[in-house]
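A short write-up of the structure that comes next.
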Amino acid sequence: MQIAKGLHRIGSDTVSSFLVIDGDGVTIIDAGLPRYWKLLIKELARLDLTLDDVRALILTHGDTDHIGFAGRLYREKNIPAYLHPADHDRARLEVKKPTSGWGPVKAGPLAGFLWYSAREGGLRIRPAGGLQPAEDDQVLDVPGRPRIIHVPGHTPGSIAVHVPAADALFIGDTMTTRNVLTGATGPKPAPFTLQPEQALASLDRIDGIDATWVLPGHGPAWDHGVTEAVRLTREAAA
């Protein structure tokens, strides 16, 4: 699905993966769930592209619903995943996320999230391979020239990814625009956050970034700018 010129999404509001496309090829932001592999190939074909046009994968953090096809992309195309080093063990499945930081839960949205994740291969996650460090303030020499911003809290290695050429900030689970546990919409703190206070403090690191599109791992794309998304997330947390 096209969001804007050179900016596409695969998946759904439940779990998202994004493509940044320019004349140099494709950068993927987050690998969603394992069965998104077919969605990736289908979206590339719709754009007259193939996996050979993919130059990089960036993971906003190492949780299982963000690393879905990362291992396969490395095995089949030798494309490593850029990820903050603090989450490398998580993406290798060497660290299991604690059952803390869930926040409020409603039975219907939770059941829907679990069902969707299972349907898309979430019960058979394989570890990410060929991990490369994505360090704070690093600009990667890949399509879109993405800049890495370390925003710990949801996980120790959570990052946001600013792509000025796409007028977009990819935020992973730094915040959400649809809470998968409650169904509440609009910019809000994300569930499953390990350190909620640290996550809120990390919003200072993205506040004021000049980008129209705020693209979370869960929820619809937000096109009212980063500053407003941060304001509403802080307001919801209060």
* Summed side-chain charge close to Asp65 - residues other than Asp65 whose Cβ falls under 10 Å, Lys, Arg +1, Asp, Glu -1 -> -4
* Structure fact -> Taking the alpha-carbon centre of each part, the distance from the range 39-90 to the range 130-190 in Å is 15
* Taking the range 2-237 and dividing mean pair separation by its residue count, relative contact order in percent (alpha carbons under 8 Å, at least six apart) -> 19
* Asked: What does the convex hull of the Cα atoms of the range 52-135 come to per residue, in Å³, rounded to a whole number?
  -> 114
* Structure fact -> Counting Lys and Arg as +1 and Asp and Glu as -1 over every other residue whose Cβ sits under 10 Å from the Cβ of Ala31, the net charge comes to -1
* Just the ratio, please: alpha-carbon radius of gyration of the chain over 2.2 N^0.38 Å, N its number of residues. => 0.91
* Asked: How many percent of DSSP beta bridges within the range 2-237 run antiparallel, rounded to 5?
  -> 65
* Structure fact -> Per the Kirkwood formula over distinct C-alpha pairs, the hydrodynamic radius of the range 123-238 in angstrom is 14.5
* Asked: So what is the 222 nm mean residue ellipticity for the chain from helices alone, if each DSSP H run of at least 4 adds -39500 (n - 2.57) and you divide by all residues, rounding to the nearest 500 deg cm²/dmol?
  -> -6500 deg cm²/dmol
* Taking the Cα centre of the chain as origin, work out the dipole magnitude from +1 charges on Lys and Arg Cβ and -1 charges on Asp and Glu Cβ, in debye rounded to 20. => 940
* Total charge dipole magnitude, the range 1-64, about the Cα centre, Cβ charges on Lys, Arg, Asp, Glu only, Debye to nearest 20 -> 200
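Coordinate-derived values only; no laboratory data. As the structure is a computational prediction, the values presented were derived from the model and not from experiment. As a convention, Cβ positions derive from the backbone with ideal geometry for all residues, glycine included, and neighbour counts pool all protein chains shown.
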